[in-house]
Ligand code: CA
């Protein structure tokens, strides 16, 4: 994975340098852009494996850039991680729904940033049901083939929808899913759920998972995630 080219679109010089320093330290090649327009052009020209994208950019903002990248077949497959400030949760939701893979909130620790970059380079598209593979996270074991779940070594009876929600979250620990993405992930299994219903499903899931329920975290203003 080292040596892979990362495009960083960020207008603040200090953050641009901090990101560059840490990615290069871990062996990545870094290409920089300081405006949205340059970012889109660089994504098309330089063939990066991942884009780190600031949301608040002068002119064409991060959401516009994300929309442009996802709308162009040449760049649509490049994973995007948004760099956001506190209070930008509505933008985070919009970005995730435009197809961004993940986001990191400023100020971030370099360790977290590098871990997210590595995860995004490894991971499949969010929300995509991952075949029949068994998922083990914390003390929770999910067996999609048998539709069985164990938490803390004990079997847990879940409804069809609760199972679907848990599976979406557990497939990508640490990654935040918006309610819409959770609905979309579950709907992949041909089951209708509304965004509002997700909150109700989460309450039921946490209760049934007992002490493992705490691993499902609420991310204020954004959605839910399985603790990393
Ligand atoms: Ca900015």
Taking residue 46 and the conditions (1) within 10 Å of the ligand (Cβ to nearest atom); (2) surrounded by fewer than 16 Cβ atoms within 10 Å (Cβ to Cβ); (3) touching a residue at least 40 places away in the same chain (Cβ under 8 Å), which numbered condition does it fall short on, given that it satisfies the others? (1)
Yes or no: residue 11 without any contact (Cβ under 8 Å) to a residue 60 or more places away in the chain, closer than 18 Å to residue 98 by Cβ and either away from the ligand (no atom under 15 Å from the Cβ) or surrounded by 15 or more Cβ atoms within 10 Å (Cβ to Cβ) (or both)? no
Condition first: in contact with a strand residue (DSSP E or B) (Cβ under 8 Å, 6 or more places away or on another chain), within 16 Å of the ligand (Cβ to nearest atom) and farther than 16 Å from residue 116 by Cα. Now tell me which residues in region 14-34 satisfy that. 15, 16, 32, 33, 34
Filter pass, residue 91 being at pLDDT below 95, within 14 Å of the ligand (Cβ to nearest atom) and in a helix (DSSP H, G or I): yes
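Yes/no matrix, rows are residues, columns are (1) part of a helix (DSSP H, G or I); (2) farther than 19 Å from residue 108 by Cβ:
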position	(1), (2)
19	yes, no
32	no, no
45	yes, yes
51	no, no
58	no, yes
63	yes, yes
66	yes, no
76	no, yes
Of all strands (runs of 3 or more DSSP E) fully inside region 145-228, the set with 2 or more residues that are under 23 Å from residue 85 (Cα atoms) is 216-219, 223-226
Which number in (1) more than 16 Å from the ligand (Cβ to nearest atom); (2) assigned to a helix (DSSP H, G or I); (3) crowded, with 17+ Cβ neighbours inside 10 Å marks the one condition that residue 41 misses? (3)
So residue 121 clears everything in (1) at pLDDT 95 or above; (2) more than 23 Å from residue 11 (Cα to Cα) except one condition, right? Which one? (1)
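The values are calculated or read from the model by the stated rules, or taken from the named source; none is laboratory data. Everything numeric in this text was worked out from a predicted model, so none of it was measured. Here Cβ is always computed from backbone atoms with ideal geometry, including for glycine, and neighbour counts include all displayed protein chains.
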